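First the structure, in the form of structure tokens, and then the observations on it.
The values are calculated or read from the model by the stated rules, or taken from the named source; none is laboratory data. Because the structure is a prediction, the values reported are computed rather than measured. Here Cβ is always computed from backbone atoms with ideal geometry, including for glycine, and neighbour counts include all displayed protein chains.
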Amino acid sequence: DAKEIWCQGFSEPGAGSDLASVRTRSELRGDTFVVNGQKVWSSYAHIADWCILVTLTDPEAPRYRGLTYLLVDMHSPGVEVRPLRQITGDADFNEIFFTEVEVPRANVLGEVGAGWQVAMTTLLHERATLGFALTGLLDANVKGLLRLAGEHPAAAEGLLGEIAKEWVQLQGLKLTAYR
């Protein structure tokens with residue numbers, strides 16, 4: 001029952017989630033990329049086995065074109081994870097530091113310099129998955145409200161318009177997720 005845990009290395013200090021502004025560099029040396037830089041707000045990096053990492057391979061390329069998407073073994077020498085402790089004491093988010101981390105060229109996902117397209121595909125999948133999960137939850141909630149309104153019509157009289165608005169928004173969300 002082996003499981004791998006993955007984290008995402010997209011956001012950076014000073015760049016946030018603007019992937020076109022990443023500064024984490026990966027330089028091809030022979031058949032190995034050498035990675036240097038920092039990522040932040042990486043969920044569960046402290047327990048991850050692998051990281052999907054967006055790096056800058058060509059700083060001279062036009063915006064969005066010099067990025068490469070790498071699959072990085074989080075147990076590699078030079079990978080340091082520092083948990084970001086929240087006020088609750090939890091530390092689900094982390095900073096990841098990459099210092100001369102060697103990544104085989106075979107671990108490029110997509111093409112060198114085409115990391116933007118791969119990242120957008122990854123994010124679309126993530127957003128669609130979250131969208132479908134959210135529509136399921138909201139659908140159950142709206143159905144529950146309609147059931148309660150049917151069971152207690154006098155109490156629900158003033159709320160039917162609000163329930164109808166929620167239902168309409170849910171339909172829009174469903175159609176967006178299906179798109």
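A single member of 20, 45 is under 19 Å from residue 100 (Cβ atoms) and touching a Phe, Trp or Tyr at 6+ places or on another chain (Cβ under 9 Å), and it is 45.
For the range 90-101, check the following and say yes or no: at least one residue is exposed (fewer than 14 other Cβ atoms within 10 Å of the Cβ), under 18 Å from the mean Cα position of the chain (by Cα), more than 30 Å from residue 29 (Cα to Cα) and modelled with pLDDT of 75 or more. Looking through the range 90-101, at least one residue is exposed (fewer than 14 other Cβ atoms within 10 Å of the Cβ), under 18 Å from the mean Cα position of the chain (by Cα), more than 30 Å from residue 29 (Cα to Cα) and modelled with pLDDT of 75 or more. Selection of first residues in the range 49-75 that are within 11 Å of residue 9 (Cα to Cα) and of second residues that are assigned to a strand (DSSP E or B) and of a type in the set (Lys, Arg), restricted to Cβ pairs under 7 Å at least 6 apart or on distinct chains, gives the following pairs, ordered by first then second residue: 55/25.
Taken over the range 29-56, the criterion of being hydroxyl-bearing (Ser, Thr, Tyr) and at pLDDT below 95 is satisfied by 42, 43, 44, 55.
Exactly one residue among 157, 151 is of a type in the set (Asp, Glu), outside the structural domain of residue 27 (by TED's automatic domain parsing), over 29 Å from residue 4 (Cα atoms) and modelled with pLDDT of 80 or more, and that residue is 151.
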